[in-house]
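Single-structure report; data block below.
The values are calculated or read from the model by the stated rules, or taken from the named source; none is laboratory data. This one's a predicted model, so the numbers in the text were calculated from it and none came from an experiment. Here the Cβ is made from the backbone with ideal geometry for all residues, glycine too, and neighbour counts use every protein chain on show.
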Amino acid sequence: MLVSSIVFSQMRSSANQTSNDETAIQGSQTTDQIEPNAGNWRTWVISSGEDSRVPPPPDPAETSAELRSLEDLIGYNDAQIKQQITF
């Protein structure tokens with residue numbers, strides 16, 4: 001419904017009409033939410049969202065080193081291991 005509303009609003013020629021439609025869409029999004037305050041809920045199991053932060057991705061040098069080590073490991077595969085991988 002939202003996609004069809006946006007497409008329909010883009011087809012109209014009047015800029016004023018389009019801005020009114022966008023305002024109506026934004027208004028319906030906030031009133032149609034099941035739990036509009038869910039982002040403010042306190043966590044139960046963890047003390048905060050900071051507890052489950054993932055580390056940043058490795059830099060290009062670390063990535064290249066890891067790929068080289070994987071290529072070396074793959075080089076040790078014999079025909080039997082390749083057959084097992086294929087299976």
Being part of a helix (DSSP H, G or I), under 23 Å from the mean Cα position of the chain (by Cα), loosely packed, with under 10 Cβ neighbours inside 10 Å and modelled with pLDDT under 80, is that true of even one residue in the range 28-42?
yes
Here the residues within the range 56-87 that are in a loop (DSSP other than H, G, I, E, B) and either touching a Gly at 6+ places or on another chain (Cβ under 7 Å) or exposed (fewer than 10 other Cβ atoms within 10 Å of the Cβ) (or both) are P56, P57, D59, Y76, D78, F87
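Of all the residues that make up the range 58-87, how many are among the small types (G, A, S) and at pLDDT below 95?
Selection size over the range 58-87: 2.
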